1. Can you bin every Cα-Cα distance in segment 321-439 into 5 Å intervals starting at zero and give me the percent of pairs per bin, rounded to whole numbers?
2. Leaving out ligands, DNA and RNA but keeping every protein chain, what accessible area does Y235 have, in Å² rounded to the nearest 10, with a 1.4 Å probe?
3. Given an 8 Å cut-off on Cα distances and at least 6 residues of separation, report the relative contact order of segment 102-246 as a percent.
4. Compute the distance in nm between two label points, each set 7 Å from the Cα along the Cα-to-Cβ direction, one at D306 and one at H114.
5. Report the net charge of residues surrounding F147, where surrounding means a beta-carbon distance below 15 angstrom and charges are Lys +1, Arg +1, Asp -1, Glu -1.
6. Provide, in order from the shortest bin, the percent of all Cα-Cα pairs of segment 159-233 in each 10 Å bin, continuing until the bin that contains the maximum pair distance.
7. Can you give the FRET efficiency for V413 and Y321, using 1/(1 + (r/R0)^6), R0 = 30 Å, r = Cβ-Cβ distance, to the nearest 0.05?
8. How large is the charge dipole for segment 183-295, taken about the Cα centre, if only the Cβ atoms of Lys, Arg (+1) and Asp, Glu (-1) carry charge, to the nearest 20 debye?
Amino acid sequence: MKRIFLSMGLLVFLMGCQTTTLFTPSTQTTISSTLPTTSFSQSTLTTLPPLTTTSISSTTNITSTLPPTTTLPPTTTSPPTTTSPSTTTSPSEIVSVVLEGSQLSWREIPQATHYLVQIEIQGYELEASLREQVIFQASMSLSLIPFGELTISIQAFLGEEAITPVFTIDMIHRPQLIAPTTLSIEQGILSWSEVANASSYEVYITGEDVIVVQVPFLDLTTLSNLLPNQIYYIYVIAKYEQWTSSPSMTVQYDDSYEYVKVISLSYSLSDDFDLIYDFEEEQLTLHQVLGDIDFDFTGIDGTLIDGVLTMSAAFLDTVAYGTHSMLFYTSIGIIELQLQIVDTRKPFMISLSQIYVVLGEDVNLEFELYDGEIVDLSGNDITKEDYQINGSMLTINGEYIQRIFTRDPSRTVLILGYTLSANQHITIGYLFIRIQQSS
């Protein structure tokens, strides 16, 4: 059988001779035809297998099913036209602009080579070098820009080409002001640590007008309004124009107090009554009490009414043995009180000195020490390994007692001596230990 090449014109001719169904979808035209079993070759009619042709798309691709011995020339289809990527990416936008302290930042534009930043400040003419700056990263310091209300414009560039619109935002450049620290008063001079960015300081004194200074110190002795024998509380605030820091710690100024007198009082811990002292000053007003013991004069620990000081026995019983100094700041000046706490109480043993034990059992004894101590236990070869001291409790090991009585079966009593110490008192006592007889 001869191989027949059908031209496109012949194929259309043959198709036109047959029944044709034509579909016209929105995107594709499909032609289905059934060809006769007869083919023309020159002047000879040759019988061929049926030929089915389908799927003529909008790109004019023809798919045919032919007998194995028949080959159609390939259909050439032009590839779809594509646009080469532009060297310029669609512009992004400057976003996430943040001003923290004096550090300005924004979200980075990856393709940007640099940014043009323009800054204007309300009521102030910036130098040209500060007003317009080229920045090579997505952040910059405003440390050279004065504090105030700023208008900031940012635009990203790729080389000489702007790749973002100009982003403009109004921001407030605030100074970072920390609270003044290390306040102290020495010889009437109030001083504190200098605060960065502060142009002035406001000093607040109890009952006085605010005092403004430009340096981190103030001579309180030059303030004529400060009266003697008064307590003043002082704190400081750092300031820059309308911005202020949080307040500093508060310090107390009482250098204007005068010493009036020193009194001495004595109290025994064995007493059970209040301590009373008359200052003989009916108009005396107590401002505060300072010293090595805490005293609440509002009624908890005592009172000062009409110049009469009362210190409760309940309070005095909590004060440690010894001499204590208390400074009473009053309306007439400072009165120093030397309070001596004495203790005539002697430590003693609470448990009975006559002790009956079962061999092998420990002996536990309790003492009243009045803040003193059990010094030691002695006699009959006892060592520190044979007893334990725990505060006001003494434990004698049962093994020791059993060893002593076993060594001498004729022994009827074990005598031990103890020593106690409290304040200036020494107490010596004895223990009498016997074996408990079974009934």
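1. Bins of 5 Å from zero give 2, 10, 18, 18, 12, 9, 7, 5, 4, 4, 3, 3, 2, 1, 1, 0 percent of pairs.
2. Around 70 Å² of this residue is reachable by solvent.
3. After rounding, I find 19 percent.
4. Inter-label distance under the simple model: 8.8 nm.
5. Within the 15 Å Cβ shell, the charges total -3.
6. 14, 36, 18, 10, 9, 7, 5, 1
7. Once the sixth-power term is evaluated, E becomes 0.20.
8. Values: 2 positive and 19 negative charges, 135 e Å.
Using Cβ point charges on Lys, Arg, Asp and Glu, segment 183-295 gives about 640 debye.
The values are calculated or read from the model by the stated rules, or taken from the named source; none is laboratory data. Keep in mind that what you see is a predicted model, and the values were worked out from it rather than measured. Ideal geometry is used to build each Cβ from the backbone, glycine not excepted, and the neighbour counts take in all protein chains shown. Accessible surface areas use protein heavy atoms only, side chains included; no ligands, DNA or RNA. Shrake-Rupley method; radii C 1.70, N 1.55, O 1.52, S 1.80 Å.
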